[in-house]
1. Given springs between every Cα pair under 10 Å in a Gaussian network model of the chain, which of D197, D323, D116 has the largest fluctuation?
2. If I stretch the segment between L275 and T289 completely, what's the gain in nm (0.36 nm per residue apart, minus their alpha carbon distance), one decimal?
3. Mind giving me the nanometre distance, one decimal, between the label points for K106 and I198, set 7 Å out from Cα along Cα→Cβ?
4. What trypsin sites (Lys or Arg not before Pro) in region 255-296 are in a loop by DSSP, with at most 12 other Cβ atoms within 10 Å of the Cβ?
5. Please report, as a whole percent, how much of the solvent-accessible surface of region 233-348 comes from carbon and sulfur atoms (probe radius 1.4 Å).
6. Would you mind computing, in nm to one decimal, how far apart the modelled labels at E65 and Q251 are, each placed 7 Å from Cα along Cα→Cβ?
7. Along the Cα-to-C-beta direction of R23, a point sits 7 Å from the Cα; which residues of region 95-116 have their amide N less than 20 Å from that point?
8. Please list, by residue number, every one of the GluC sites (Glu not before Pro) in region 44-120 that is coil in DSSP and has at most 15 other beta-carbon atoms within 10 Å.
Amino acid sequence: MKAYIWHQDGTAGLAERPMPEIRHPRDAIVRVTLSTICTSDLHILHGAVPRAVPETALGHEFVGEIVETGGDVRGLAPGDRVAANCITFCGECWFCRRGYINNCEKGGWELGCRIDGCQAEYVRVPFADMGLTKIPDSVTDENALFLGDILASGYFGAELCALKPGDTAAVIGAGPVGLCAMQAARLFGAAKVIAIDIDQSRLDLAKWEGLADVFLNPLETPDLEGAVKAVTHGRGADGVIEAAGGEDTLQTAWKIARPNAVVALVAMYEKDQVLPLPSMYGKNLIFKTGGVDATRSEELMALLESGRIRTDFLITHRAPLNDIAEGYRVFANKLDGCVKWAVTPYVR
């Protein structure tokens with residue numbers, strides 16, 4: 001089969017790979033029907049993910065059809081349409097039993113990082129009974145595609161903020177995770193959502209989709225802190241979701257938060273960040289950090305099914321696996337208004 005393999009020198013390319021096989025009774029083999037490129041894949045290519053293993057097929061966001069299951073997999077069968085969780089977790093270890101699936105003693109971020117991922121024709125999914133969610137007939141592949149990564153991340157950010165009805169949420173970054181976070185903030189009761197991004201086209205997308213109420217471009221609004229206070233009765237945002245991961249976006253996050261607010265950091269940074277504690281003294285902020293917390297897959301699938309959340313609008317480009325190198329070029333450089341590039345099956 002064909003798979004997109006990354007190498008130690010940061011390059012990547014399509015190559016032949018053996019068909020994956022069941023290695024553990026809780027494995028499943030899935031035929032990939034739709035996948036996508038994630039910023040985390042770029043971080044691997046940039047050398048910013050120390051745990052990543054070279055000569056691995058990239059990719060962790062996908063939907064597909066089960067073709068085979070191990071003997072211990074329950075509730076799933078060949079022919080099922082499924083959406084993948086980007087985090088592999090056993091559900092049984094000390095961390096999993098407490099809901100800390102990112103710290104699973106047998107898993108973590110595996111697909112496309114330490115084992116072959118989904119930018120391939122087929123993929124082996126460990127602990128499939130934990131990591132795969134059935135897709136209802138009424139939910140399209142396009143809407144289910146982002147369930148276990150960027151939708152889960154955006155939802156997690158809003159959840160971390162502990163928003164109350166009537167609150168104001170500020171979301172830094174109107175990329176895929178940020179756009180999902182805006183929808184989630186509404187679900188948690190935010191009466192006002194502030195979208196912040198230096199890419200005007202992404203702010204325009206958020207406005208077109210009705211995801212936010214206030215749209216701020218730091219390139220056009222030098223006093224961002226003042227602009228946020230102006231629409232929050234002089235206080236600042238009740239919750240801030242940092243989904244950009246830029247060089248200075250962490251600093252923006254704490255500055256625009258009101259005193260005693262929660263700042264949720266769900267972005268993935270390529271460089272160490274610094275908290276200027278003397279400057280922050282007296283704001284009494286609560287910082288919460290974390291990667292994807294994909295423990296809400298069933299709930300999120302139900303929200304997709306009901307139409308209360310949708311993510312298909314994030315797909316701006318699509319092409320077969322044959323053209324994935326071009327997809328990386330366009331996605332990495334945000335060319336042609338690319339938000340997410342969907343990868344369809346390889347054409348022989």
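The values are calculated or read from the model by the stated rules, or taken from the named source; none is laboratory data. Keep in mind that what you see is a predicted model, and the values were worked out from it rather than measured. Note: ideal-geometry Cβ built from the backbone for every residue, glycine included; neighbour counts use all protein chains shown. Surface accessibility is based on the protein's heavy atoms, side chains included, excluding ligands, DNA and RNA. Shrake-Rupley method; radii C 1.70, N 1.55, O 1.52, S 1.80 Å.
1. The residue that fluctuates most here is D323.
2. Working: separation 14, 0.36 × 14 = 5.04 nm, distance 1.30 nm.
Gain in length upon complete extension: 3.7 nm.
3. With each label point 7 Å from Cα toward Cβ, the separation is 4.4 nm.
4. Working: sites: K255, K271, K283, K288, R296; in loops: K271, K283, R296.
For trypsin sites (Lys or Arg not before Pro) across region 255-296 that sit outside H, G, I, E and B with at most 12 neighbouring Cβ atoms in 10 Å, the list reads K271.
5. Values: 2910 of 5890 Å².
Of the solvent-accessible surface of region 233-348, carbon and sulfur hold 49 percent.
6. Computed distance between label sites E65 and Q251 equals 5.3 nm.
7. 102-116, by backbone N distance to the label point.
8. Working: sites: E55, E61, E65, E68, E92, E105, E110; in loops: E55, E61, E92, E105, E110.
When the GluC sites (Glu not before Pro) of region 44-120 are filtered for loop state and at most 15 Cβ neighbours within 10 Å, E55, E92, E105 remain.
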